[in-house]
Every structure is written in structure tokens, then in C-alpha cells.
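Structure record follows, encoded as C-alpha cells.
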Amino acid sequence: MSRYFTPTLAELEPYTPGEQPQDQQYVKLNTNESPYPPSPAVAAAITKTECENLRLYSDPACKALRETAAECFGLEPDEVMAGNGSDENLFFALRAFCDESHPLACADVTYGCYEVWCGLLHIPLHIIPLEEDFSIDPAKYYGLGETIVIANPNAPTGLALTRDQIEGILQANPDNVVIVDEAYVDFGAESCVPLIHKYDNLLVTQTFSKSRQLAGARLGLSLGSRGLIADLNRVRFSLNPYNINRLTLKAGQAALEDEAYFNDTRSRIIATRAQTAKELAARGFTMTDSRSNFLFARTDRMEGGALYRALKAKGILVRHFDRPRISDYLRVTIGTPEQMAALTAALDEILKED
Ligand SMILES: *Cc1c(COP(=O)(O)O)cnc(C)c1O
């Protein structure tokens, strides 16, 4: 920290992203990307003309993308806003719906960025511990009088609430915004998008990073009532009206339009998840009932950090969080069947050596 850094942010603890090794030597199961390439329609959409058009600013309204997304999700274009990844959408939402005297409520074990953004924006955090089995008790979110964010499925546990359970939370907080972060919803949970026309306090965020193979393009959607989306646009137009670049707008639209590819790749991930869960259970691992593109697993045979390091030494990168309650666990992204076979082979060697 230089002596010029603002003292108001002296306590800021930035987020530590999963490793992104640039040599690409690893079997990379650490940041929940898709192991499959984007739909061929994406590459076809990035034409020479589109590259030449990069001299022009992108459409600040993201009109074409929003119209396609609205049709996909059964919404109106005014109920959709695009962000530079879900991270930006969630940040805009916290900026819009929380402040120094309007806290954010979230779980103790959840996506780490919520806490970081609260630090950056000086938003008090109301932490609600998960149950012993890492599940969320919806009743603990009733009548809080605070903005709420719930990752559904949750990360890194993979556990999901049902749509009915989230509806209960919405009904019990009619005067506050409930943000449902659906980064992993396409891998087996119930989306709350169908509730948007019923609850004007519901904001759903989805991302193209996990189930649509576009993590590197940086694109996410905010989905909610006209009023909430207008609020988010007020914040967006106060920071960066050209937040989505031209190529990403085209890529995202092509990815949304290729529904067959989307469905094929996510069902492959779901099938590989079931197979991997079986393989891990056979080796003595216990896991949560993950509805995501990762497994959250532990074994009594080896401590989490040690196992993470042993796997890394064998060229397999997974995620380990050195945090209370979860330091015994590894979060393992579901890759291709071949990648998962490499994982189980490495585990067999490590646990034999142990
Ligand atoms: C990956 C992830 C995000 C961020 O997604 P981007 O669109 O890549 O910014 C947000 N929330 C959760 C729970 C995630 O896992």
C-alpha cells in the first residue's frame, strides 16, 4: 500500500481469484469454467466486420442482446440488463440497494465477493450462518429489513433452495430487495426467473461464465422488475455506459440463440458430475448434494490443504478455501470425463502413498 492509498480503504481485503496458470499445463478444475468450447455459432458471430467495428463504441443499451435474452427468459427487454460478468451486476446491485445504513444479509459460507464488495462500498454485513449440514434455513431470512443476497445453488457448497423456499423469503421481505445469484442454476436447480412478474423486489443474476462457455468474454445478466432494472441502469450509466464490448455482445447473443448446444453441454456436465460423485464416494469421500458444475468433497484420509497441494504436484488444479468450517473440503470443477479420470487416477496414487 502506498502512502497515497485512501485510509478509508485501509482495511479492504480483496478477493483472491482461483489460479489462472498461463502455461496451461494443468488439468484445470479450480474455477468452475466449462471444459467445452463455446457454441460454434459464437466463433461465427465474431466476423472480420465486427472486428473492424471495434473502432466504434458498443451499444450502451445492449439492445439486441437484451431482446434475445428477454425472449429466452420470458421477460420484457426492460426487465433485463447486461453486465461485465455477474460480478459487475452484483456490484451494481449492492451499490443501488445497500449503503452505510442499509446492510446486506448473506450466508457465512458463500461466494466470497459479497463480503469484499461490502468492504469496498462500506456496507455493513449481516452474516447468517448456514446449518451444520451447510443447508440454508429460509426462515432465518424472514423479515430482516435488509437487502439479501443468496447464491442459489450456493457456492462452494453446491446446495440449492427450491423456488418455493425462495418465494417464502420474498414474501417475508416485501420492502427489501432479494438478490438471487443463479451462477450455477443451469446445472440442476430451479430458477426464480418465473417469479419476477410476481415480486417486484426480486433480482436474479445469471452469468455466461459457467454454463455458456464464455468466462473470458465477461458477460452476465440482471433480470428483474422494470423498477429494479432502471435503478441498476442509473448506477451503470454513472460508472461505465459501455460496459459490454462489441465482441462480447455478439458472442453472448449467439450463445443464447444456440439452445441445443447449451442443453447438450450442461447435460454432459450433469452426467459427468454423477459419475465423478460415484468415483469419489468409492474412494471414501463424502460430498454435498451438488446442483452445480462442481463437487464439494472431503475425506478423513487427508486434510484439505494437503490434498490440494498433492493434486497440484500431480498437475491437477482444484480449489481449496482455507476458511472456517470448510478447510477440510475441496471444490472440484466438473470437467470432461477424461479430466475426471485423471483426477481419480491422481487421487488413487496420492491416497496409496499416504
Ligand atoms: C462465478 C460466479 C460469479 C461471477 O460470475 P462472472 O459472470 O464470471 O462474473 C458470481 N457468483 C457466483 C456464485 C459465482 O460462482
Query raised in the report: In whole Hz, what ³J(HN,Hα) sequence does region 316-326 give by Karplus (6.51, -1.76, 1.60; θ = phi - 60°), x for Gly and Pro?
Result: 10, 9, 10, 10, 10, 10, 7, 9, x, 6, 10
Requested in this report: Can you tell me the relative contact order of the chain? Whole percent, Cα pairs under 8 Å, sequence separation 6 or more.
Outcome: 23 percent
Report task. Take peptides 338-348, 13-23, 216-226 and line them up by average Cβ neighbours within 10 Å, highest first, as a rough protection proxy. Result -> 216-226, 338-348, 13-23
Query raised in the report: Whose amide H sits under 5 Å from the amide H of residue 335, counting only residues 5 or more places off or on another chain, with H placed in the peptide plane?
Result: 340
Requested in this report: Give the calculated FRET efficiency between residue 63 and residue 270 to the nearest 0.05, with a Förster radius of 30 Å applied to their Cβ-Cβ distance.
Outcome: 0.35
Query raised in the report: Among the aspartates and glutamates, which fall within straight-line cross-link reach of residue 278, defined as a Cα-Cα distance under 13 Å, with same-chain neighbours fewer than 8 residues apart omitted?
Result: 289
**Report entry** Difference of contour (0.36 nm per residue) and Cα-Cα distance, residue 263 to residue 345
**Finding:** 26.6 nm
Query raised in the report: Computed over the Cα atoms of the chain, what is the ratio Rg over Rh, Rh following Kirkwood?
Result: 0.96
Query raised in the report: Of 202, 238, 335, which is farthest along the charge dipole of region 197-354 in the positive direction, counting Lys and Arg as +1 and Asp and Glu as -1 at C-beta?
Result: 238
Report task. Just list whichever of 314/352; 63/198; 210/314 have alpha carbons separated by over 23 Å in the model shown. Result -> 63/198; 210/314
Requested in this report: Assign unit charges at the C-beta atoms only (+1 for Lys and Arg, -1 for Asp and Glu), then state the dipole size of the chain relative to its Cα centre in Debye, rounded to the nearest 20.
Outcome: 860 debye
Query raised in the report: If the label point is 7 Å along Cα→Cβ of residue 19, which residues in region 271-314 have backbone nitrogen under 19 Å from it?
Result: 295, 297, 303-314
Query raised in the report: Among 347, 153, 142, whose Cα lies farthest out toward the positive end of the dipole of the chain, if unit charges sit on the beta carbon of Lys, Arg (+1) and Asp, Glu (-1)?
Result: 347
Query raised in the report: ³J(HN,Hα) across region 207-216 via Karplus (A = 6.51, B = -1.76, C = 1.60, θ = phi - 60°), whole Hz, x for Gly/Pro?
Result: 10, 8, 7, 9, 9, 10, 6, 10, 4, x
Query raised in the report: Label points 7 Å out from Cα along the Cβ direction at residue 286 and residue 125: separation in nm?
Result: 2.7 nm
Report task. Taking amide H positions as placed in the peptide plane 1.01 Å from N, state which residues far from residue 109 in sequence (5 or more) or on other chains have amide H under 5 Å from it. Result -> 130
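No value in this document is a laboratory result; all are computed from the given coordinates. It should be emphasised that the depicted structure is a prediction, and the values quoted were computed from it without experimental measurement. Positions of Cβ are generated from backbone atoms using ideal geometry, with glycine treated the same way; all protein chains shown enter the neighbour counts.
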